[in-house]
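The values are calculated or read from the model by the stated rules, or taken from the named source; none is laboratory data. All values derive from a computational prediction rather than experimental measurement. So basically every Cβ, Gly included, is an ideal-geometry build from the backbone, and we count neighbours across all protein chains shown.
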Amino acid sequence: NAERKASALRTQAAKMGAKATKAVAAQNMLRRADRMMAALDEERTADKVARIRFPTPAPCGKTPLVAKGLTKTYGSLEVFSGVDLAIDRGSRVVVLGLNGAGKTTLLRLLAGTEAADAGHLEPGHGLKIGYFAQEHDTLDNNASVWENIRHAAPDTGEQDLRGLLGAFMFSGPQLDQPAGTLSGGEKTRLALAGLVASTANVLLLD
């Protein structure tokens, strides 16, 4: 393969480089070996690029999610109070703030994974939320990779789910691996795969 050929070229170049009459040929061999390895690295990188197509989201109303007067406190610490917002179909909303300002807490309230102390959500017609948690909280660490993706999209066919997992570089025995044993990067890929499979029409990305 390319790696063995490049290694052989480097070895031969090292032998030839000691002789002044063959120094130029040795340099040419080294350059050829470098080009071979560079091409191999590009091929490996290309192989690892996931090509993802988001499925058509579930239909929803003009304003699928409205929040009114959301308030959250932890003990004596008031994280925020009286937050109003409306998310329209097709819009992109960015939540900005310093560390500890409550961005994750707000997203958790909108996702319904945590309750507000005051205020409420008004789900619009057909609302289907997909939530990507910073600490992969949406994954079941005791369930396998396959069970997690199946839970995220129970109505999607097996072949489609296997194809999606393959796009996120999960295949073979990995599908039976408990999510809790995955690396941080693998958990991120699995959580994103679940988000793609869910056909959610409102995506909350922490």
Handout entry: So residue 30, is it within 27 Å of the chain's Cα centre (by Cα), within 19 Å of residue 11 (Cβ to Cβ) and at pLDDT below 90
Key = no
Practice task
Have a look at 205, 190, 175 and point out the one that is in contact (Cβ under 8 Å) with a residue 40 or more places away in the chain and surrounded by fewer than 19 Cβ atoms within 10 Å (Cβ to Cβ).
Solution key: 205
Completion exercise
Checked pairs for the range 142-166, first surrounded by fewer than 12 Cβ atoms within 10 Å (Cβ to Cβ), second not polar (S, T, N, Q), C-beta under 9 Å and 6 or more apart or across chains, list as 142/178; 142/179; 142/180; 158/150
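Only one of these is closer than 24 Å to residue 136 by Cα, loosely packed, with under 13 Cβ neighbours inside 10 Å and of a type in the set (Gly, Ala, Ser): 100, 90, 82. Name it.
Every option except 100 fails the conditions.
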Handout entry: Residues located in the range 150-175, provided they are outside any loop (DSSP other than H, G, I, E, B) and polar (S, T, N, Q)
Key = 159, 174
Practice task
Look at the range 112-154 and say how many of its residues are under 14 Å from residue 181 (Cβ atoms) and among the β-branched types (Val, Ile, Thr).
Solution key: 1
Problem - Contacts under 8 angstrom Cβ, first residue in the range 129-141 being among the β-branched types (Val, Ile, Thr), partner modelled with pLDDT under 95 and in a loop (DSSP other than H, G, I, E, B), 6 or more apart - result: 129/112; 129/200
Handout entry: Failed item in (1) under 20 Å from the mean Cα position of the chain (by Cα); (2) in the same structural domain as residue 190 (by TED's automatic domain parsing); (3) assigned to a loop (DSSP other than H, G, I, E, B); (4) not small (Gly, Ala, Ser), with residue 147 passing the rest
Key = (3)
Practice task
Within the range 46-63, identify whether any single residue is at pLDDT 90 or above, closer than 15 Å to residue 118 by Cβ and either surrounded by 11 or more Cβ atoms within 10 Å (Cβ to Cβ) or under 27 Å from the mean Cα position of the chain (by Cα) (or both), and answer yes or no.
Solution key: no
Exercise for the section: For the range 122-130, indicate whether the set of residues that are assigned by TED's automatic domain parsing to the domain that holds residue 73, loosely packed, with under 13 Cβ neighbours inside 10 Å and out of contact with any Gly (no Cβ under 9 Å at 6 or more places or on another chain) is non-empty. Expected result: yes
